[in-house]
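Undergrad: Would you mind keeping the following structure in view while I ask a few things?
Please treat every number below as a calculation from the coordinates, not as lab data. Keep in mind the model is a prediction, meaning the values are calculated, not measured. Note that we place each Cβ from the backbone using ideal geometry, even for glycine, and neighbour counts take in every protein chain shown.
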Amino acid sequence: MSLVILPSIDLRNGKVVRLKQGDYAQQINYDVDPLDVATSYAKAGAKWMHVIDLDGAKEGRPVQLEILNRLASSSNLHVQIGGGIRTEADIQRLLQAGAARVVIGTRAMQDWDWFTKLVHHPNYSGKITLALDAKDGLVATHGWTETSSLAAIDIAKRVTGWPLAAILYTDVAKDGMLSGPNFEQTKQLAEATDVPVIASGGVGSIEHIRTLTKMPVWGVIVGRSLYEGKVDLAEAIAIAT
């Protein structure tokens, strides 16, 4: 099974940034244009792109709709976007703006009945990605500022058989650190469900990509390592295919 590489763009105030371990006080700024970045991803052979609206995650509502629309229309990539999505109206606006998938985390944990009905609605089949962001295996919410008592692997088991697009699993301690994803927990979570799992957080080398190709995951998010030249996207795609 091939591994799908999802290069990412994290947006704050319309700029491309990265946060270390989800901490807004540990922001790395990149002097690149989001549209140029998306175009470069497509030229390297990517089919998907992952976008995080960091302003939206903080404010609890999507903020970067205009940029999303331009990214989706100009790059011809399938765009998965997350950050601050709390209502069905938010989802509809993002899909209309060009998103192929929307990522929901905090609201799902806050209102599981709402999330259950949403995922099983025919209009959203295969368009919702569940974000399971974990600290020590427990789900973190509200832009990773709060930790719940829910185990990520238990949630993965609960959604087995659901018409979700994917589960996006991030180990917060690894995110933005380039030291590698939490391979063991990612593997356990992927083995616990039949929903496609996307690994996220910490990819810093081609060897990390090679390791993930041997695991039962559908895809992987690659971000900071691309901007800093530690991973070549075309090479990563070639290895993963």
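Undergrad: First measure r as the distance between the Cβ atoms of THR160 and ASP33, then evaluate 1/(1 + (r/R0)^6) with R0 = 41 Å and state the FRET efficiency to the nearest 0.05. The partial results should precede the final answer.
TA: Details: r = 41 Å, r/R0 = 1.00.
So the FRET efficiency works out to roughly 0.50.
Undergrad: Oh, and also: For the stretch 82-90, take each phi angle, set θ = phi - 60°, evaluate the Karplus expression 6.51 cos²θ - 1.76 cosθ + 1.60, and give the result in whole Hz per residue in order, putting x for glycine and proline.
TA: These are the phi-based 3J(HN,Hα) values: x, x, x, 7, 10, 10, 5, 4, 4 Hz.
Undergrad: With no solvent and one equal point scatterer per Cα, compute the Debye intensity ratio I(q)/I(0) for the stretch 1-117 at 0.10, 0.11, 0.15 Å⁻¹ and report its log10, rounded to two decimals.
TA: Scattering profile of the stretch 1-117, log10 relative to I(0): -0.29, -0.36, -0.66.
Undergrad: May I pose another question? Cut-off is 10 Å between beta-carbons; in what order do MET109, MET49 appear when sorted fewest neighbours first?
TA: Working: MET109 21, MET49 24.
Listed from fewest to most nearby Cβ atoms, that is MET109, MET49.
Undergrad: If you wrap the stretch 21-67's Cα atoms in a convex hull and average its projection over all directions, what's the area in nm²?
TA: Average projection, Cα convex hull of the stretch 21-67: 4.3 nm².
Undergrad: Convert each backbone phi in the stretch 46-56 into a coupling constant with the Karplus relation 6.51 cos²θ - 1.76 cosθ + 1.60 (shift: θ = phi - 60°), then list the ³J(HN,Hα) values in order as whole Hz, x for Gly and Pro.
TA: Here the 3J(HN,Hα) series is 5, 10, 10, 9, 9, 10, 10, 8, 5, 5, x Hz.
Undergrad: What is the order of SER149, SER2, SER75, fewest Cβ neighbours within 10 Å to most? Don't jump to the answer; show the numbers that get you there.
TA: Working: SER149 6, SER2 11, SER75 21.
So the residues, fewest neighbours to most, are SER149, SER2, SER75.
Undergrad: Pull out a ≥ b ≥ c, the square roots of the eigenvalues of the alpha-carbon gyration tensor of the stretch 1-41, then state rounded if a/c is under 1.5, prolate if not and a/b is larger than b/c, and oblate in the remaining case.
TA: On the way: a/c = 3.32, a/b = 1.35, b/c = 2.46.
Here the stretch 1-41 falls in the oblate category.
Undergrad: Considering only DSSP beta bridges with both partners in the stretch 18-157, what is the antiparallel share in %, to the nearest 5? Don't jump to the answer; show the numbers that get you there.
TA: Numbers: 8 of 19 bridges.
Of all bridge pairs located within the stretch 18-157, approximately 40 percent are antiparallel.
Undergrad: If you restrict to DSSP beta bridges whose two residues both lie in the chain, what percentage is antiparallel, to the nearest 5?
TA: Details: 12 of 43 bridges.
Percentage antiparallel, nearest 5: 30.
Undergrad: Taking N as the number of residues in the stretch 110-238, what is its Cα Rg relative to 2.2 N^0.38 Å? Spell out each step's value before the answer.
TA: On the way: Rg = 14.8 Å, N = 129, 2.2 N^0.38 = 13.9 Å.
It is 1.06.
Undergrad: On to the next question. Residues with amide H under 5 Å of ASP171's amide H, sequence separation 5 or more or different chain, H placed in the peptide plane at 1.01 Å from N; which?
TA: Result for ASP171 returns ALA134, ASN182, SER200.
Undergrad: Next question, about the same structure. Convert each backbone phi in the stretch 202-208 into a coupling constant with the Karplus relation 6.51 cos²θ - 1.76 cosθ + 1.60 (shift: θ = phi - 60°), then list the ³J(HN,Hα) values in order as whole Hz, x for Gly and Pro.
TA: Residue by residue, the stretch 202-208 yields x, 5, x, 7, 4, 4, 5 Hz.
Undergrad: Can you list residues from other chains, or at least 5 along the same chain, whose modelled amide H is less than 5 Å from the amide H of VAL63?
TA: Long-range HN contacts for VAL63: GLY56.
Undergrad: I've got another one for you. Amide H of GLY137 versus every other amide H placed in the peptide plane: which residues, excluding those fewer than 5 positions away on the same chain, fall under 5 Å?
TA: Under 5 Å from the amide H of GLY137: no residue qualifies.
Undergrad: Just the number, please: Stokes-Einstein D of the stretch 4-240 in µm²/s, Kirkwood Rh from C-alpha pairs, 37 °C, 0.692 mPa s. Walk me through the intermediate numbers first.
TA: Details: Rh = 17.3 Å.
Estimated via Stokes-Einstein, D reaches 189 µm²/s.
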